[in-house]
């Protein structure tokens with residue numbers, strides 16, 4: 001009976017020791033995991049698998065905690081579908097945000113490779129891609145033909161000189177004067193004609209009388 005009780009006591013102590021060890025290991029894992037957890041990427045612009053019409057001016061990565069700002073601690077590569085680098089300048093780090101300026105005219109898949117040093121001092125890395133498509137050309141309305149303005153021809157003295165008011169008035173006065181003089185001229189001619197006719201008749205009659213007198217014998221005696 002004493003042997004059985006002693007065996008039970010030893011077994012109980014062993015089970016308690018195993019249970020205590022398990023609890024200690026579990027507690028160690030519970031408190032150690034958060035302390036040694038690495039930072040992680042929580043967002044990106046452009047987002048992974050996004051489709052854009054044009055290449056953006058920068059790539060922006062956001063992490064769960066502040067990342068190292070030491071020179072060379074952060075590295076990022078942005079390449080187009082043919083592997084040509086689109087990086088325009090060195091990356092900039094502000095707290096938990098990494099900004100990489102880019103430039104170019106990439107069409108197709110753009111790959112982003114990044115590596116940073118997290119807040120616990122361990123390097124972390126990753127990659128993702130987005131797509132740039134050629135923008136669909138918009139139909140542009142053809143400009144309506146505008147009415148062509150005919151050239152304005154400046155009037156010249158040789159082709160478009162119109163009679164001035166003075167010249168018109170002088171011409172009118174000349175017409176009036178000629179209209180007034182002509183009746184007098186015609187009348188004078190008629191009077192001269194009549195006077196000539198009367199003189200002619202008188203002369204003719206005088207000659208006739210003289211001829212008759214010369215031919216009358218009675219007059220000769």
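Just so you know, all these numbers are worked out from the coordinates, no wet-lab data involved. Keep in mind that what you see is a predicted model, and the values were worked out from it rather than measured. Using ideal geometry, Cβ is built from the backbone for each residue, glycine included, and neighbour counts are taken over all protein chains shown.
A crude spin-label estimate for the pair residue 103 and residue 125, with each label 7 Å from Cα along the Cβ direction, gives 2.8 nm. The simple Förster model, with R0 at 25 Å and r as the Cβ-Cβ distance, assigns residue 40 and residue 88 a FRET efficiency of 0.40.
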